1. Any residue in the stretch 48-65 that's touching a residue at least 40 places away in the same chain (Cβ under 8 Å) and buried (at least 16 other Cβ atoms within 10 Å of the Cβ): show its pairings with residues that are among the β-branched types (Val, Ile, Thr) and not in a strand (DSSP E or B) at Cβ separation under 8 Å, as long as the two are six or more apart or on different chains.
2. If you check every pair at least six apart or on different chains, which have Cβ atoms under 7 Å apart with a residue in the stretch 67-93 that is assigned to a loop (DSSP other than H, G, I, E, B) first and a residue that is buried (at least 17 other Cβ atoms within 10 Å of the Cβ) and among the charged types (D, E, K, R) second?
3. Restricting to the stretch 46-65, give me the number of residues that are more than 14 Å from the chain's Cα centre (by Cα) and among the charged types (D, E, K, R).
4. Check off (1) open to solvent by 40 Å² or more (accessible area, probe 1.4 Å); (2) among the small types (Gly, Ala, Ser); (3) touching a helix residue (DSSP H, G or I) at 6+ places or on another chain (Cβ under 9 Å) for Ser25 and give me the number that stays unchecked.
5. Residue pairs, Cβ under 7 Å, 6 or more apart or interchain, first in the stretch 109-127 and in a loop (DSSP other than H, G, I, E, B), second of a type in the set (Gly, Ala, Ser). List them.
6. Keeping to the stretch 88-102, report how many residues are over 21 Å from Val5 (Cβ atoms) and open to solvent by 20 Å² or more (accessible area, probe 1.4 Å).
Amino acid sequence: QGQLVESGGGSVQSGGSLKLACVDSGIEYGLDCWGWFRQAPGKEREGVATIDRGGATTYSDSVKGRAIISQDNTKKTVYLQMDSLKPEDTATYYCAAAATPFCTFVHNGLGYGKNYWGQGTQVTVSA
């Protein structure tokens with residue numbers, strides 16, 4: 001029974017930084033696409049960043065220049081480093097993974113294949 005396990009959320013003041021981590025703790029099928037999503041109260045889930053097996057990345061306009069997604073394939077872990085955090089970054093952040101060559105945001109998920117999701121980690125940014 002594999003799953004994605006997230007960590008790294010917390011409270012930080014505006015301008016601060018956080019680094020989130022998501023570990024694949026034994027999902028049966030191989031994964032080649034990872035992503036971070038977030039959802040604020042009363043809003044729809046939105047994509048934040050993606051990274052494929054080859055290391056190609058994609059960022060939403062809202063975080064571009066302030067976030068870096070990276071991966072450690074040996075540890076089967078994906079990270080999201082966020083700097084210069086703003087109050088509007090406040091949300092529950094979810095890690096997602098899929099076995100798909102289409103490593104893009106599609107219908108608030110990844111590609112067109114089965115998506116695995118973490119349970120979420122809260123990020124709160126205060127002024």
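1. Val48/Val63; Thr50/Thr104; Thr58/Thr104
2. Correct list of pairs: Lys76/Asp24.
3. Summing the residues that are more than 14 Å from the chain's Cα centre (by Cα) and among the charged types (D, E, K, R) in the stretch 46-65 gives 2.
4. Only one criterion is unmet by Ser25, namely (3).
5. Between residues of the stretch 109-127 that are in a loop (DSSP other than H, G, I, E, B) and residues that are of a type in the set (Gly, Ala, Ser), the close pairs are Gly111/Ala98; Gly113/Ala98; Gly113/Ala99; Lys114/Ala98; Ala127/Ser14.
6. Residues flagged as over 21 Å from Val5 (Cβ atoms) and open to solvent by 20 Å² or more (accessible area, probe 1.4 Å) within the stretch 88-102 amount to 4.
The values are calculated or read from the model by the stated rules, or taken from the named source; none is laboratory data. Everything numeric in this text was worked out from a predicted model, so none of it was measured. No Cβ is skipped: glycine too gets one built from the backbone with ideal geometry, and neighbour counts run over all protein chains shown. The protein model used for the area step is the full one, side chains on, heavy atoms only, and it has no ligands, DNA or RNA in it. Shrake-Rupley method; radii C 1.70, N 1.55, O 1.52, S 1.80 Å.
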